[in-house]
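For reference, the structure discussed in these notes is given below.
The values are calculated or read from the model by the stated rules, or taken from the named source; none is laboratory data. The model shown is predicted, which means the values in this text are computed figures rather than measured ones. We place every Cβ from the backbone using ideal geometry, glycine too, and count neighbours over all the protein chains shown. Note: areas computed on protein heavy atoms with side chains; ligands, DNA, RNA excluded. Shrake-Rupley method; radii C 1.70, N 1.55, O 1.52, S 1.80 Å.
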Amino acid sequence: MRPIVLSALLLGSTLVGCTEASLEEDGGADLAGQDDKGDAVPGIEVQARLEPGTVDTTLTTAMPRPGFVFYAAEGTKVSLEVTHAGTTTGLDTLLKVYGPRLADGSYPKTLATDEDAGYGKLSKISDLAISIPGFYLVEVTNGATATPTASAKARLKLSCTGTCKTDAPVNPLGLDVRWYQRAAERHALSLQSYGAATAKVAAKVAAGVPASWGVIMDIDETTLNNSAYQHARSDLGTGYSPASWTAWVNQKAATPIDGALAFTKKVKQLGGKVVFVTNRMAGTECPQTEANLASTGFTYDQILCRPQGAPSDKTPRFDQVKQGMEVVAFVGDNILDFPALTQDLRKQPESAYAAFGETFFIIPNPMYGSFEKNVD
Ligand SMILES: [Mg+2]
């Protein structure tokens, strides 16, 4: 989501004592979701923090490059080994270690690579000497001669001579997520927006609306709160990736945004329709989203997810909804949730914002959005 500027730091060969396992020294870690790759090769999906012991993982065609973050103190010798995890035999793996992690979230240097030093065609890196304390990333993937399978289980073992435990976070939680999860102001702003929307809708209905009318609402950070996902990704020192996002959606664990539930109930009570237009994906994410909405108490008339292969632009779906009803309010957290608006609005005079508080109602979200691409 956010481009990572790879540091030009030359960490040099003083960083680690070379081991027999170091077959090559190439570039940095290619993290999933953190650049706009054109080659369609999936990046490393950071799964969890790793402490001395084992973790089981699965190499799938959808997620072929799981990664784990571990800490190592100066002078520690780190050993990593892949073994079979129960069902899979004849597994062929490749193991890579990157690091240390820089403050910008990148791992600009490959420290060690091994293909077949372990049992059979499994991988093993022994006594990798760490000279810079910090966080390191280990990637397990299929080996060069592996026959791709839909799902292969592997077990990764970390052992350390020295210190591989720390209470320190990989990444300090940013002000954006701290504000979102901990600030009274965030609750107040959401309630203020939904209160204004409720009052305006009621006034429009009292003044007269067509028989078929309703509201269009976005879902993420407008109706459902996904900050637990943002927090968890930050704790792993990484950000959004499509696969981790889909895994979060599958948990159906998002909570209602303050004021959203009461607003939808009031619209229904007044005789209007509630329509969700979201860029959650049809097919892969929409059924779980509907279950999440239902379990949190939302009732609605229609949900228009993003069709597979379709652009994120909501205009065609807005037009579709407008054919069947008069839309008296749009609610969203992203400027693109409102018809015909883009980030260009920020350069416009105050008069360009006249629809806000009348037909458009915005919910705060500093964690992500179309604003991220703005450079001024
Ligand atoms: Mg949203």
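Quick look at the values:
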quantity	calculated
Extension reserve of the Q302-D167 stretch, reckoned as 0.36 nm per residue once the Cα distance is removed	44.0 nm
Only Lys, Arg (+1) and Asp, Glu (-1) charged, at Cβ; the stretch 97-219 dipole about Cα centre in debye	360 debye
Candidates T246, T83, T147, ranked by Gaussian network fluctuation over the chain, Cα under 10 Å, top entry	T147
The stretch 81-169 - accessible surface per residue (Å², probe 1.4 Å)	42 Å²
Electrostatic dipole magnitude of the stretch 154-275 [Cβ: Lys, Arg +1; Asp, Glu -1; Cα centre; debye, to 20]	340 debye
Whole-number accessible area per residue in Å² for the stretch 175-373, which is evaluated in the context of all protein chains at 1.4 Å	44 Å²
Of G297, A254, Y107, farthest towards positive along the dipole that unit charges on Lys, Arg, Asp, Glu beta carbons give the chain	G297
Size of electric dipole in the stretch 175-373: Cβ of Lys, Arg +1 and of Asp, Glu -1, about Cα centre, debye, nearest 20	260 debye
Kirkwood Rh in Å, taken over the chain so that all alpha-carbon pairs contribute	23.1 Å
The chain, accessible surface, carbon-and-sulfur percent (1.4 angstrom probe)	55 percent
Residue of A183, A254, A196 that the Gaussian network model of the chain assigns the largest fluctuation, springs spanning Cα pairs under 10 Å	A183
Sites R346 and T89, calculated FRET efficiency, Cβ-Cβ separation with R0 41 Å, nearest 0.05	0.10
Listed residues R65, R306, R178, most fluctuating in the chain (Gaussian network, C-alpha, under 10 Å)	R178
